[in-house]
Amino acid sequence: MIERKLTCIVCPLGCELTVTLEENRVLEVRGNTCKRGEAYAQNECTNPKRTVTSTVLCEDGCTVSVKTDEPIPKEKIFECLEVINSTTARLPIKIGDVIIKNVCGSNIVATQNRSK
Amino acid sequence: MRDLVIIGGGPAGMSAAIAARESGIQDILILERDGQLGGILQQCIHNGFGLHMFGEELTGPEYAWKYEKKVNELGIEYKLNTMVLDITEDKIITATNSSDGVFQIKAKAIILAMGCRERSKGALNIAGTRPAGIYSAGTAQKYVNTMGYLPGKNVVILGSGDIGLIMARRMTLEGAKVHAVCELMSYSGGLARNIEQCLNDFNIPLRLEHTVVEIHGKDRLEGVTVARVDQNRKPIPETREYIPCDTLLLSVGLIPENELSKKADIKLSGVTNGAVVDQDRHTSCEGIFACGNVLHVHDLVDFVSKEAEIAGKSAAEYIKSGKKQSFVIPIKADGKIRYSVPQIITEAKDVTVYFRVSDVYKNAKIVITDGNKTVLSKNKAKLAPGEMEKITLKAEQIKSVKELHFCLEV
Ligand SMILES: Cc1cc2nc3c(=O)[nH]c(=O)nc-3n(C[C@H](O)[C@H](O)[C@H](O)COP(=O)(O)OP(=O)(O)OC[C@H]3O[C@@H](n4cnc5c(N)ncnc54)[C@H](O)[C@@H]3O)c2cc1C
Ligand code: SF4
């Protein structure tokens, strides 16, 4: 049995979590203020994921801000960015538009409007 | 004559405008110097906004869009690319843009929502040269996120507030190597979640009690010397260490943008650098209200929007029925509590007081007294300067007091 200390990143409160693990199985989570903290600890110890935000170049040379619409596995962050950085987006763009489909298990969606 | 003019179209300005319209004010005008609404949020492309207001994690631009859409739906008038140059106590606003030239508007009420600016590097006394490659973190954020331009490849960041932390990750994601984030204090001013997801996720070292003591390089930055500091925050010479880098980002704090407030002779607080306000966010100048980062620096935009709603509603009340201030209860902070907003209470109704502490305290007790007896107290497991606290006083608790003391027992 081992104990692992984590900082919950789900909300700005940033609770300090103590997770008891046995062979990668989460036995107990302490220190969380709400249920989301427990779920976070569970995922973080088994399959850590992150939402990635970045920008995509538009055809006019401007940029549009984007995000993965689902969190992706943490170790795939740079793989995801490579796809983002090799893409040029067509204008106009509406917030929520899918800019790139299925990158590391998520769609890349626009978080800004951009007119032509 | 306009009913309500709002200066600044960031989250504070938009939220105040919406609240005022929903409280029945038809004639509202927002003046914004930028080419779009949204303020600084347009460059804060990371997520983590809106959990309090919307129960979901939004990026900065998405959060701004929720308000911009509402502003449009409600048909609230705004002028972009319009810079306000002056305001007076009589609520005459002087502004300029390329189509109207310089023009004046008289308003029944004004809401100040100009946000904040970064402390400049001029305020920092670091030895050595001043080569290219030194940016404030917010300027770098603007370059990377709105212009797609990466200011450098090897980076050192001074200051561990949230913008510094966010930029450490952002530069890393764009292919730069962040060698260190140096923080003068023994704790970071940023949120714990940002230390985790912006530094720890990418193995970026956070060097607490460290500062940059010298800058090297002729035309372009070549490196910085960092050193540990002692309890008096003086660098310890034996700990000097050279780090080669081409970029130094300074994230050394924000100050409310109050040039305009000074012109109207609005009373400012020496601690917040923002206006002194009552529970309605009414300043010392009748009919002028303030909210958002121009009032005090917020860490979460959600609190900015909430505060702006109060200002918007109160301005609407003021326009409809004038000011009714019968008494003034000052709120005094004991020093461990660095400041409160509001600083005065002028009406016996339920009031939520926001405040910040001046150091990290564990197992502390917030005690509010009327000078003699305790009005309210609350235990807190942890308090940190980076996190704004709040406490609500009931109308009955306010009714019977002449002053309020906010103290921290540790
Ligand atoms: C560089 C920087 C980065 C930040 N990053 C983060 C972050 O990552 N996460 C976070 O939670 N918070 C961040 N903040 C804090 C963030 O600013 C606030 O949460 C929020 O945006 C404040 O809203 P506001 O409306 O008060 O100010 P702002 O968003 O700054 O809006 C003020 C508006 O007023 C306008 N204005 C100013 N003066 C005039 C004038 N004279 N005439 C006309 N218009 C004027 C400005 O153009 C601007 O649009 C950051 C702040 C700065 C300065
Ligand atoms: S445990 Fe709940 S309250 Fe604590 S940081 Fe996580 S989400 Fe926020």
Considering only strands (runs of 3 or more DSSP E) wholly within the stretch B:1-118, the ones with at least 1 residues that are within 14 Å of chain A (Cβ to nearest Cβ), touching a Pro at 6+ places or on another chain (Cβ under 8 Å) and within 16 Å of ligand 2 (Cβ to nearest atom) are B:47-49
How many residues are over 15 Å from B:T129 (Cβ atoms) and part of a loop (DSSP other than H, G, I, E, B) if we restrict to the stretch B:206-251?
9
Out of A:I77, A:I84, A:I93, which single residue is modelled with pLDDT of 95 or more, more than 10 Å from chain B (Cβ to nearest Cβ) and surrounded by 18 or more Cβ atoms within 10 Å (Cβ to Cβ)?
A:I93
What are the residues in the stretch A:1-55 that are assigned to a loop (DSSP other than H, G, I, E, B) and more than 11 Å from ligand 2 (Cβ to nearest atom), if any?
A:M1, A:E23, A:N24, A:N47, A:P48, A:T51, A:V52
Counting only residues in the stretch B:189-211 that are under 18 Å from B:Y242 (Cβ atoms) and under 25 Å from the mean Cα position of the chain (by Cα), the one nearest to ligand 2 (Cβ to nearest atom) is identified as B:R207
Tell me, yes or no, whether the stretch B:320-336 has at least one residue that is open to solvent by 10 Å² or more (accessible area, probe 1.4 Å) and within 16 Å of ligand 1 (Cβ to nearest atom).
no
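Answer yes if at least one residue in the stretch B:159-177 is surrounded by fewer than 16 Cβ atoms within 10 Å (Cβ to Cβ) and either within 19 Å of B:H216 (Cα to Cα) or touching a Ser or Thr at 6+ places or on another chain (Cβ under 7 Å) (or both), and no otherwise.
yes
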Pairs under 7 Å by beta carbon, first residue at positive phi in the stretch B:81-103, partner more than 9 Å from ligand 1 (Cβ to nearest atom) and part of a loop (DSSP other than H, G, I, E, B), six or more apart or different chains?
B:N81/B:G35; B:N81/B:S98; B:K91/B:G287
Odd one out for A:L57, checked against (1) within 16 Å of ligand 1 (Cβ to nearest atom); (2) open to solvent by 80 Å² or more (accessible area, probe 1.4 Å); (3) aliphatic (A, V, I, L, M):
(1)
Of all residues in the stretch B:252-263, count the ones that are open to solvent by 80 Å² or more (accessible area, probe 1.4 Å) and part of a loop (DSSP other than H, G, I, E, B).
0
What residue, of A:E44, A:E23, is exposed (fewer than 14 other Cβ atoms within 10 Å of the Cβ) and over 20 Å from B:G55 (Cα atoms)?
A:E23
Filter result (within 28 Å of B:G48 (Cα to Cα), among the hydrophobic types (A, V, I, L, M, F, W, C) and open to solvent by 20 Å² or more (accessible area, probe 1.4 Å)) within the stretch B:190-238
B:A192, B:I195, B:F202, B:L206, B:L208
The condition of being touching a residue at least 24 places away in the same chain (Cβ under 8 Å), touching a Phe, Trp or Tyr at 6+ places or on another chain (Cβ under 9 Å) and more than 19 Å from A:T53 (Cα to Cα) holds, among B:L260, B:L158, B:L184, B:L249, only for B:L249
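The values are calculated or read from the model by the stated rules, or taken from the named source; none is laboratory data. Model, not experiment: these values are computed from the prediction. With ideal geometry, Cβ positions are generated from the backbone for all residues, glycine too; neighbour counts draw on all protein chains shown. The protein model used for the area step is the full one, side chains on, heavy atoms only, and it has no ligands, DNA or RNA in it. Shrake-Rupley method; radii C 1.70, N 1.55, O 1.52, S 1.80 Å.
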